[in-house]
Amino acid sequence: MSEADNSSNDRVELTRSRIVAESYISHVRTPADGAIVAFDGCVRNHSHGRRTLYLEYEAYEPMALEKMREISVQLHEKFAIDRVAVVHRLGRLEIGETSVFIAVSAAHRAPAFEACRWAIDTLKRTVPIWKKEFFEDGAVWAEGELPPPPGAAPSVKSAS
Amino acid sequence: MPVTTAKVLFFGRLKELVGVSEDAYELRDGAAIEQIFAHYAARCPQLAAFRSSVVASRNHEFASWETPVHSGDEVAFLPPVSGG
């Protein structure tokens, strides 16, 4: 199959609704797979020692979707995987809710684990989404990561 | 000297500093993204202070500050990303 065929079954989304993990896991599950690895990024109740009340996410939506699709295409180039599902939620999120969910299926577990890790690390560095943290005494934009310079191949540094 | 209009977008804390999320900016066709940022930074010194941590994009692709801007281009100024 061509690369386009490989990523054409992937599901890449932004949503303002609650993320239902099972829907994305089901999407990547096919009879050819022996493993599915999923990452569930959720809203933590503290940040740098302060109690977090809730978060708000905003995105440069068309560019964010393009960057997320690029990640899914790159996953097929780099790892022996089957399907990818990646979704990021926007708007107000409460403690414990899922902000980002990634599921990767593969015939064998090793590439599924590696691809899922690469996907979330790359998303956090290259997709134009921003998080504002609301505390009892104010709100701050989260310290973010600088995307790689234009033209540079995405690489993964140690995850934050 | 042909004049062109670019759509300019600000996100995150930059949007709050500049006070708008979207603007239209007239410039000489082919002028650099840097020139657009300088225009807003002159009006908003706090924006200028963020220059080293801002990344620009043109038409949804990360772009260097020297990238020329043409008619109908969409230029965005992006603070460090913090999704996930």
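The values are calculated or read from the model by the stated rules, or taken from the named source; none is laboratory data. From a predicted model like this one, the values you see are computed outputs, not experimental measurements. Heads up, the Cβs are rebuilt from the backbone with ideal geometry, glycines too, and the neighbour counts pull from every protein chain shown.
Among the residues of segment A:119-140 satisfying the criterion of being out of contact with any helix residue (DSSP H, G or I) (no Cβ under 7 Å at 6 or more places or on another chain) and among the hydrophobic types (A, V, I, L, M, F, W, C), which is surrounded by the most Cβ atoms within 10 Å (Cβ to Cβ)? Filtering segment A:119-140 for residues that are out of contact with any helix residue (DSSP H, G or I) (no Cβ under 7 Å at 6 or more places or on another chain) and among the hydrophobic types (A, V, I, L, M, F, W, C), the one surrounded by the most Cβ atoms within 10 Å (Cβ to Cβ) comes out as A:ILE120.
Say we look at segment A:60-86 and pick out the residues that are of a type in the set (A, V, I, L, M) and touching a helix residue (DSSP H, G or I) at 6+ places or on another chain (Cβ under 6 Å); which of these is surrounded by the most Cβ atoms within 10 Å (Cβ to Cβ)? Restricting to residues being of a type in the set (A, V, I, L, M) and touching a helix residue (DSSP H, G or I) at 6+ places or on another chain (Cβ under 6 Å), the top hit is A:VAL84.
Within segment A:88-127, if we keep just the residues that are acidic (Asp, Glu) and within 19 Å of A:ASP10 (Cα to Cα), the residue that is farthest from the other protein chains (Cβ to nearest Cβ) turns out to be A:GLU114.
Of all residues in segment B:4-16, those satisfying the criterion of being within 13 Å of the chain's Cα centre (by Cα) and of a type outside the set (Gly, Ala, Ser) are B:THR5, B:LYS7, B:VAL8, B:LEU9, B:PHE10, B:PHE11, B:LEU14, B:LYS15. In chain B, counting only helices (runs of 4 or more DSSP H) that sit wholly within it, the ones holding 3 or more residues that are away from chain A (no Cβ under 14 Å) and buried (at least 19 other Cβ atoms within 10 Å of the Cβ) span B:33-43.
Summed over segment A:58-110, residues that are out of contact with any Phe, Trp or Tyr (no Cβ under 6 Å at 6 or more places or on another chain) and in a loop (DSSP other than H, G, I, E, B) total 10.
Checked against (1) within 10 Å of chain B (Cβ to nearest Cβ); (2) outside any strand (DSSP E or B); (3) in contact (Cβ under 8 Å) with a residue 24 or more places away in the chain; (4) over 19 Å from A:ARG11 (Cβ atoms), A:TRP130 passes all but condition (2). Of all residue pairs spaced 6 or more apart or on separate chains, those with beta-carbon atoms under 8 Å, a first member in segment A:98-116 that is more than 30 Å from A:TYR54 (Cβ to Cβ) and in contact (Cβ under 8 Å) with a residue 24 or more places away in the chain and a second member that is surrounded by fewer than 21 Cβ atoms within 10 Å (Cβ to Cβ) and of a type in the set (S, T, N, Q) are A:SER105/A:THR30.
Go through the residues of segment A:54-64 one by one and say whether even a single one is more than 12 Å from the chain's Cα centre (by Cα) and more than 14 Å from every other protein chain (Cβ to nearest Cβ). Yes - at least one qualifying residue is present in segment A:54-64.
Residues in segment B:1-37 that are under 16 Å from B:ARG51 (Cβ atoms) and in contact (Cβ under 8 Å) with a residue 40 or more places away in the chain: B:VAL8, B:PHE10, B:PHE11, B:GLY12, B:ARG13, B:LEU14, B:ILE33, B:PHE37.
Looking only at segment A:110-138, residues that are farther than 29 Å from A:SER7 by Cβ and modelled with pLDDT of 95 or more come to 4 in all.
Answer yes or no: is there a residue in segment A:35-51 that is away from chain B (no Cβ under 14 Å), touching an Asp or Glu at 6+ places or on another chain (Cβ under 6 Å) and not in a loop (DSSP other than H, G, I, E, B). The answer is no, given that none of the residues of segment A:35-51 is away from chain B (no Cβ under 14 Å), touching an Asp or Glu at 6+ places or on another chain (Cβ under 6 Å) and not in a loop (DSSP other than H, G, I, E, B).
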